[in-house]
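Here the structure is laid out as structure tokens; the discussion comes afterwards.
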Amino acid sequence: MELLCPAGNLTALRAAVDNGADTVYIGFRDVTNARQFPGLNFTAEQAERGVEYAHERGVRVHVAVNSYVQAGGWAQWQQSIDQAARIGADAVIVADLGLLAYTAEQWPQLGRHLSVQASATTPEALDFYRRRYGVTRAVLPRVLSIQQVEALAGETDVELEVFGFGSLCVMAEGRCLLSSYATGESPNTVGACSPAWAVQWQERPEGREVRLGGLLIDRFAPEEPAGYPTICKGRYEVEGELEHAFETPTSLETAELLPRLRRAGIHAVKIEGRQRSPAYVGKVTRIWRQLMDRLPAAEAAEGDYAPDPDQVSALQAFSEGRTTTLGPYERKWQ
Amino acid sequence: MSEGAKAMKIAIGPILYHWPAAEIRRFYDSLRGRVDTFYLGETVCSRRREMRAEDWIGLGRELAEEGHEVVLSTLSLVVARSEAAVVRRLCDNGELRVEANDYTAVSELEARGLPFVAGPTLNIYSGRALRAIQRAGAVRWVPPIEMPGASLRGVLAELAELGGDPMETEVFAYGRQPLAFSARCFTARHYDRPKDDCGLVCAHHPEGMPVTTRAGERFLAINGIQTQSWCCANLIPAIPQMQEMGLSAVRLSPRPGAMDEVVAAFRAAIDGAPVTLEEPPLEQQCDGYWWGDAGYKRKALETGTVE
């Protein structure tokens, strides 16, 4: 199984490479990727240096061009694909049909991976992308249970990549317009969820309030930890009860599922977090490298597999709200 | 129904809520002969079984015999094999057109060479993507809910430049807007029930469960695994612009009650009459997306015109 790690800049890319990533995934510094944050991501020149650094060490680079081409924006998205091809990226991660068609036609040698933003969940859907656009791998959206992931792996020729660790989208990726409902901008249109310009913090007698596009999405007590504000993790009133109506802030952590994922033939495990610091990327990459390297021995040992508790608690320390979940992989969500 | 080939049509979108079968039939009875197109089927949750695939197909045949255009809508998020089987059953109905709401359905329809309607969740945002889905067999499309009118105009111009055939375009013009889909059922979660033993609690909420901010602003509506805008889209003020762009239909999304009034208002607006619709009251309406703003905003609804 391949370990894919995120990088939002060159330092993070080196940290991922140096700590044992098999593949690093990156994006260009514009609206063409679904993790567009101010100051984050790569210029073409930085990306080229990143590919060089990784390739010299036997590590692959995937480039996410995974927001949706907007009206009038073709030239910009095409340029991202062309740049990824020219700098020698091993694959592009794409969701848009027009971009997939273009890449298949113009850069047939460039690997085409279906982005999680395309939310493909069935062998039929995967086969559509394979037969029409030569997609060889798909990143699964975080909506399937582990049983469903296992079943899907048995029914498709497309390689599967799943998220193993990091922030958790509660909604199916590419199927969420909550951000644009409040701000006019979404991951699909500009690659941004909860764009920073639309976030407003305010100290008030009732507590620290955070608004998105003018709408109050949460209020925190003085010592209460507050993560990056997104609509799906806010607190609201539903039928007279104040609650996290969608999800409490938590992170996905699936170390205990590794043996099942491997047995199912999952091709790659992906760590979320292009927006994270190089230090974070380095440490999380190292822990996951060890978890995966020790997997065969740990599985061969007597009894049920359990990942190293020290490593699990180390991962927990990196997690939003310091809590983790198996998310959609476990029955409770289904 | 409206005269003339160019008159915009009125389509009734699929019912997004869990209503009892009798209510569903009453709903369609009340609109017979008053609209051009009915989209039928369960698009949100496969656990809702008031109407099986066979029932939808049967109802569809009845309505089609009476002269309506009928389209069968597929599930928007397909994860279980049983769900994919229902999608296949709808695609194999042999007679009625299908609206594909995910790429499972697109795959089935393309493989059969059947013309289809590309639903609003297929993420078609550009002329190139529209050309690609057209090549796969789409003959009509419903743009993403968040697409502004000006962008839609651009997409259609791009399609023409690419040499694509003109495509029928249907805009989501009325109703609570579907904004997100999840593996989780938020209605069941609110009732502290597991999704696979949900007791179909969403049946208690024929128009979803309101989500209110801590400042008391009505914000969203929870409808099972779907999250909707709490405010109701109303694009009546945009109709002259849609007609000028050559769009083929408006989609009105079913709400409990008052749909006859809504249909009449849209029909009048299409016929060029000045009309205001206060169902629901104006402060519960929105049109921000069409005018390129945040979805929850009121633009032309407030001022009468924009631009």
Could you report the accessible area of A:ASP157 in Å², rounded to 10, computed with a 1.4 Å probe on the protein chains as they sit in the structure? 140 Å²
Rounded to the angstrom and largest first, Cα extents along the principal axes for region B:51-120 equal 34, 24, 21
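How would region A:28-180 be classified by its alpha-carbon gyration tensor: rounded, prolate or oblate, with rounded meaning a/c under 1.5 and the a/b versus b/c comparison settling the rest? Provide the component values of the computation, followed by the final result.
Values: a/c = 1.44, a/b = 1.33, b/c = 1.08.
It comes out rounded by the Cα gyration axes.
Rounding to the nearest 20 debye, state how big the charge dipole of the protein assembly as shown is about its Cα centre with +1 on each Lys and Arg Cβ and -1 on each Asp and Glu Cβ. Don't skip to the answer; put the middle values down first.
Values: 67 positive and 84 negative charges, 141 e Å.
Dipole of the protein assembly as shown, to the nearest 20 debye: 680 debye.
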Starting from the Cα coordinates of the protein assembly as shown, work out the convex hull volume and express it per residue in Å³. 149 Å³
Rolling a 1.4 angstrom probe over the protein chains, ignoring ligands and nucleic acids, what is the accessible area of A:THR323 in square angstrom, nearest 10? 60 Å²
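For the interface of chains B and A, what total accessible area is buried with a 1.4 Å probe, rounded to the nearest 100 Å²? Mind dumping the intermediate values first?
Details: alone 13900 and 15040 Å², together 23280 Å².
Accessible area lost upon association: around 5700 Å².
Could you provide, to the nearest whole Å², the per residue accessible area of chain A with probe 1.4 Å?
On the way: 12230 Å² over 334 residues.
Accessible area per residue: 37 Å².
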Once you order the gyration tensor axes a ≥ b ≥ c over the Cα atoms, which shape class does chain B get: rounded for a/c under 1.5, otherwise prolate or oblate by comparing a/b with b/c? rounded
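Rank these residues by their accessible area, most exposed first, probe 1.4 Å: A:SER179, B:SER82.
Values: A:SER179 5, B:SER82 80 Å².
Most to least solvent-accessible, the answer reads B:SER82, A:SER179.
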Please report, in debye to the nearest 20, how large the charge dipole of region B:16-106 is about its Cα centre when each Lys and Arg carries +1 at its beta carbon and each Asp and Glu carries -1 there. 320 debye
Work out the charge dipole of chain A with +1 on the Cβ of Lys and Arg and -1 on the Cβ of Asp and Glu about the Cα centre, then indicate which of A:ASN188, A:VAL170, A:GLN200 is farthest towards its positive end. A:ASN188
Counting just the Cα atoms, what span does region B:112-267 cover along each of its three principal axes? Round to the nearest Å and put the largest first. 53, 37, 30
Give the carbon-plus-sulfur fraction of the accessible surface of chain B in %, rounded to a whole number; probe 1.4 Å, heavy atoms of protein chains only. 48 percent
What residue among A:GLY174, A:GLY184, A:GLY20 shows peak mean-square fluctuation when chain A is described by a Gaussian network model with Cα springs under 10 Å? A:GLY184
Quick one: Cα centre-to-centre distance for region B:2-68 and region A:219-242, in angstrom? 39 Å
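If exposed means no more than 15 neighbouring beta carbons inside 10 Å and the site is in a DSSP loop, what's the longest run of chain B without any exposed trypsin sites (Lys or Arg not before Pro)?
Working: sites that count: B:LYS6, B:ARG32, B:ARG34, B:ARG49, B:ARG52.
Looking at chain B, B:53-307 is the longest stretch - no exposed trypsin sites (Lys or Arg not before Pro) with at most 15 other Cβ atoms within 10 Å.
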Just how much of B:GLU50 is accessible, in Å², when a 1.4 Å probe is used and the result is rounded to the nearest 10? 80 Å²
Of the candidates B:PRO281, B:THR212, B:VAL262, the farthest towards the positive dipole end of chain B (Lys/Arg Cβ +1, Asp/Glu Cβ -1, centred on the Cα centre) is B:THR212
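Going by a ≥ b ≥ c, the root eigenvalues of the Cα gyration tensor, does region A:90-196 fall in the rounded group (a/c under 1.5), the prolate group (a/b larger than b/c) or the oblate group? Provide the component values of the computation, followed by the final result.
Details: a/c = 2.18, a/b = 1.23, b/c = 1.77.
Oblate, because a/c is 1.5 or more while a/b does not exceed b/c.
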Considering only C-alpha atoms, what is the centroid distance from region A:137-212 to region B:205-236, in Å? 20 Å
Segment B:GLN284-B:ASP271, extension gain: residue separation times 0.36 nm, minus the distance between their alpha carbons: 2.2 nm
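Which value, in Å², gives the accessible area per residue of region B:157-307 when a 1.4 Å probe is used on the protein heavy atoms?
Details: 5640 Å² over 151 residues.
The answer is 37 Å² per residue.
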Which order do B:TRP290, A:TRP197 take by accessible area at a 1.4 Å probe, largest first? A:TRP197, B:TRP290
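The values are calculated or read from the model by the stated rules, or taken from the named source; none is laboratory data. Note that the coordinates shown come from a computational prediction; the quantities given were computed from them, not determined experimentally. Heads up, the Cβs are rebuilt from the backbone with ideal geometry, glycines too, and the neighbour counts pull from every protein chain shown. Just so you know, the surface numbers come from the protein's heavy atoms only, side chains and all, with ligands and any DNA or RNA stripped out. Shrake-Rupley method; radii C 1.70, N 1.55, O 1.52, S 1.80 Å.
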